[in-house]
1. Is it the case that segment A:64-72 has a residue that's more than 23 Å from B:Leu15 (Cβ to Cβ), among the acidic types (Asp, Glu) and more than 8 Å from DNA strand D (Cβ to nearest atom)?
2. So, in segment A:57-78, exactly how many residues are surrounded by 14 or more Cβ atoms within 10 Å (Cβ to Cβ), touching a residue at least 24 places away in the same chain (Cβ under 8 Å) and of a type outside the set (S, T, N, Q)?
3. Among the residues of segment A:20-56 satisfying the criterion of being among the β-branched types (Val, Ile, Thr) and near DNA strand C (Cβ under 9 Å from one of its atoms), which is surrounded by the most Cβ atoms within 10 Å (Cβ to Cβ)?
There are 2 protein chains.
Amino acid sequence: MLNQSARLDLAFQALADPTRRGMLARLSQGPASVSELARPLPISLPAVLQHLQALEASGLVSSEKKGRIRTCRIVPEALGLAETWISEQRALWAARLDRFDEHVMRLKQEGKDNG
Amino acid sequence: MLNQSARLDLAFQALADPTRRGMLARLSQGPASVSELARPLPISLPAVLQHLQALEASGLVSSEKKGRIRTCRIVPEALGLAETWISEQRALWAARLDRFDEHVMRLKQEGKDNG
DNA sequence: GCGATACTTAACCCTGTGCTTAACCAATCC
DNA sequence: GGATTGGTTAAGCACAGGGTTAAGTATCGC
């Protein structure tokens with residue numbers, strides 16, 4: 001079992017590559033086989049496999065093999081983890097900014113009082 | 001000037017490390033000096049510097065030096081880019097899921113018609 | 001000025017990532 | 001059943017990432 005932080009590592013790392021984001025974008029329009037994913041890409045099939053493994057390790061994508069073709073699909077919940085982390089950080093930051101605004105206003109007020 | 005994809009690369013890559021996420025979390029509560037960022041971390045100061053450089057390269061953090069201390073702060077807009085990309089993907093996926101639901105319903109309907 | 005403080009740079013090490021080619025296995029197709 | 005298609009594994013290579021120590025530079029406080 002992976003802890004939260006390790007899962008975020010894998011998710012963000014998976015997202016940090018344009019090839020993998022491209023594969024993800026393709027998959028967000030529907031399932032695809034490995035060769036379908038590879039077709040638009042300028043790299044070899046084994047390279048695509050490795051990217052796919054990174055995506056699966058991160059939980060962003062799942063796949064299953066039937067006959068000789070492997071079908072890949074997006075796992076939507078996984079993106080939620082990353083999105084949640086980001087929006088939490090933004091919330092924290094926003095809360096601090098609010099306090100800072102108050103602080104600035106107080107400073108301005110003092111400026112008026114003294115000038 | 002960096003294009004969108006390169007900026008996403010840097011942003012997600014910066015987020016893909018627990019040390020950097022920790023620094024970011026610290027900074028979301030307010031500006032800090034380099035040594036303040038380093039204090040809770042089990043690594044050397046140069047290592048912290050390098051993480052800081054990664055964060056600055058991604059645009060997530062900015063810093064300025066005054067006297068001998070460098071003060072680092074979050075750049076809130078930068079997180080928006082990453083968040084936007086994720087939510088766009090989710091929107092695409094959701095749209096496809098809707099179409100899939102329709103499809104399933106149509107299939108069910110046909111099942112009823114034939115059975 | 002002198003020592004302590006706060007970074008910064010440089011040089012290096014080890015591991016991980018992204019890619020390749022070559023060879024291999026397993027389902028289809030004719 | 002032999003060729004083709006779809007995927008997989010293995011081996012190897014180049015380079016980037018994350019860490020170290022050691023040595024430098026620029027304030028600050030006395």
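Quick note: the coordinates plus some simple rules give every number you see, no bench work behind them. As the structure is a computational prediction, the values presented were derived from the model and not from experiment. Neighbour counts run over all protein chains shown; Cβ positions are idealised from the backbone, glycine included.
1. The initial filter retains those residues of segment A:64-72 that are more than 23 Å from B:Leu15 (Cβ to Cβ), namely A:64-72.
Next, from what is left, pick out any that are among the acidic types (Asp, Glu): A:64.
If we keep only those that are more than 8 Å from DNA strand D (Cβ to nearest atom) too, we end up with A:64.
Yes, that holds for at least one residue.
2. So the answer is 9.
3. Step one: of segment A:20-56, the residues among the β-branched types (Val, Ile, Thr) are A:34, A:43, A:48.
Right, trim to near DNA strand C (Cβ under 9 Å from one of its atoms) and you get A:43, A:48.
Details: A:Ile43: 11, A:Val48: 19.
Step by step, filter segment A:20-56, then rank; the result is A:Val48.
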